[in-house]
Amino acid sequence: MDNIQIRKFQDEDADVVKELFTLGMSEHVPSSFVHVLKQPLTQMVLMCMFCALVTSSKSFLLPILAVTFCLAGARQMVVYMFNKYIETSLRKDLNNISETYLKGKDSCFWVADSDGRVVGSVACLPAENAPGCLELKRMSVRRSHRGMGIAKALCRTVAEFTRDRGYRAVILQTSVVQTDAQKLYEHMGYKKIREFVVPEFLAKILNFTLFEYRLDLQQD
């Protein structure tokens, strides 16, 4: 961390921050696909299809091909779900980061700078559904710089900002497949307070769950 500086976002950081976010989210496609394969509904559909085709065709080639195509389709469905989320985020709050996060006194966006190169980011703003709390958002650290304490430093930055503004807690949401993020937040003192399935149709089919965490802050 000697050469890492946590500083406020500047407009010239925008392209790198968007790249960090896109790469970070895309990393979760393989683990999300594995999550889909572990679902009882997925396994039942594949098994029923395989057995039905074996019975009707008297051959193993057709069932194997059919299951292979189904698996490829499932993976593309996961890719589509993540791409849709990325595109929506880039079109909304990440389209104009300064406008979204730097105009209000109770919101901010920071980057982790390593020798002039942006290698991490985090943001916070008042939580819509939790009065008295700020919400941590857009946490991302470049893969090459993980394990150096950058994510912890970004978490502490948000907590200090939240405490200084007089808010009593930080909340955040992360997904079932982001196991490293869950471990990080729990290590930083966050407690899981809720879990729920993403309301979109595809997410419901895939049982894609979000976890909500909360960090209560002691006020001076």
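The table below lists the values:
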quantity	calculated
Check on Phe201, at pLDDT below 95 and surrounded by 19 or more Cβ atoms within 10 Å (Cβ to Cβ)	no
Close pairs (6 angstrom Cβ cut-off, 6 or more residues apart or separate chains): more than 25 Å from Pro63 (Cβ to Cβ) in region 21-47, assigned to a helix (DSSP H, G or I) and not charged (D, E, K, R) anywhere	Thr22/Ile86; Met25/Phe82; Met25/Ile86; Val29/Val78; Val29/Val79; Val29/Phe82; Ser32/Val78
Every pair of residues 6+ apart whose Cβ atoms lie under 9 Å, when the first sits in region 194-210 and is without any contact (Cβ under 8 Å) to a residue 60 or more places away in the chain and part of a strand (DSSP E or B) while the second is surrounded by 13 or more Cβ atoms within 10 Å (Cβ to Cβ) and of a type in the set (Lys, Arg)	Arg194/Arg214
Thr100 being over 19 Å from Leu20 (Cβ atoms) and out of contact with any helix residue (DSSP H, G or I) (no Cβ under 6 Å at 6 or more places or on another chain)	no
Test result for Met148, in a loop (DSSP other than H, G, I, E, B), under 24 Å from Pro30 (Cβ atoms) and touching a residue at least 12 places away in the same chain (Cβ under 8 Å)	yes
Answer residue from region 63-115, given it is touching a Leu at 6+ places or on another chain (Cβ under 7 Å) and assigned to a helix (DSSP H, G or I) and is surrounded by the most Cβ atoms within 10 Å (Cβ to Cβ) among those	Tyr101
Any hit, region 3-11, residues being of a type in the set (Val, Ile, Thr) and either without any contact (Cβ under 8 Å) to a residue 60 or more places away in the chain or touching a His at 6+ places or on another chain (Cβ under 9 Å) (or both)	yes
Enumerated helices (runs of 4 or more DSSP H) restricted to region 8-57, each holding at least 1 residues that are surrounded by 14 or more Cβ atoms within 10 Å (Cβ to Cβ) and in contact with a Cys (Cβ under 9 Å, 6 or more places away or on another chain)	40-57
Residue tally, condition over 20 Å from Ser26 (Cβ atoms) and surrounded by 18 or more Cβ atoms within 10 Å (Cβ to Cβ), over region 173-186	1
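The values are calculated or read from the model by the stated rules, or taken from the named source; none is laboratory data. What you are looking at is a predicted structure, and each value in this text was computed from that prediction instead of being measured. Cβ coordinates were reconstructed from backbone atoms using ideal geometry, including for glycine residues, and neighbour counts include every protein chain displayed.
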